[in-house]
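Working notes, beginning with the structure itself.
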Amino acid sequence: MARGFPGWMTIPSYQDLATGRRWHFFFAWLLALNGLLYVVNLLAGRHLRDFLPSPRELRSIPASIWSHARLRFPKGDEALHYNVLQKLAYLTVIIALPILVLAGLTMSPAIDAAFPWLVSLFGGRQSARAIHFILAWGLVGFVVVHVVMVLVSGVVNNMISMITGRYAIEEESHEA
């Protein structure tokens, strides 16, 4: 029987819907708890404002996209702060993750019985399923782009900064 993904790419590697759902719930709750801890840390440290772009930054979106497309990354003091694309990407994930979780919960009959307003909020189970699917693929896309950008912008420096909190700043060259 043809499959969408090879067995080595799936959990479980054999076709078993019940086991697949258990793995899905395990990783979903792991993701949800990780996201909750992240947001609590953001709020406790008052770092949420670090993800809110200023109007000037919003006007710089086309230039930032062009710089990233050419693989030109910030240097000097500019490298110490999130650029507008990073701010918008992280802010989108911070907003989308709770919606993703709620849409997933809305598909459960047990949750529907306890919280019937969730079904109404999403316009029915099918709408919740579509929203959950779209946001899940958006999250996968975010992770893929995130990993690619870490790799192309300097994997060693990025990994060291993730582990130690120290980031080696490459100074801007001032050419005449």
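Among the candidates Ile94, Ile61, Ile65, the residue that is out of contact with any Pro (no Cβ under 7 Å at 6 or more places or on another chain) and within 30 Å of Gln126 (Cβ to Cβ) is uniquely Ile94.
Arg72 falls short on exactly one of the conditions (1) more than 27 Å from Val155 (Cβ to Cβ); (2) loosely packed, with under 15 Cβ neighbours inside 10 Å; (3) basic (Lys, Arg), and that condition is (1).
Being surrounded by fewer than 16 Cβ atoms within 10 Å (Cβ to Cβ) and more than 22 Å from the chain's Cα centre (by Cα) holds for only one residue in Pro98, Pro116, Pro62, and it is Pro116.
Looking across segment 147-172, the residues that are open to solvent by 70 Å² or more (accessible area, probe 1.4 Å), in contact with a helix residue (DSSP H, G or I) (Cβ under 9 Å, 6 or more places away or on another chain) and either touching a residue at least 40 places away in the same chain (Cβ under 8 Å) or not hydrophobic (A, V, I, L, M, F, W, C) (or both) come down to Arg166, Tyr167, Glu170, Glu171, Glu172.
The values are calculated or read from the model by the stated rules, or taken from the named source; none is laboratory data. Values in this document were obtained by computation on a predicted structure and should not be read as measured data. With ideal geometry, Cβ positions are generated from the backbone for all residues, glycine too; neighbour counts draw on all protein chains shown. Only protein heavy atoms, including side chains, enter the accessible area calculation; ligands, DNA and RNA are left aside. Shrake-Rupley method; radii C 1.70, N 1.55, O 1.52, S 1.80 Å.
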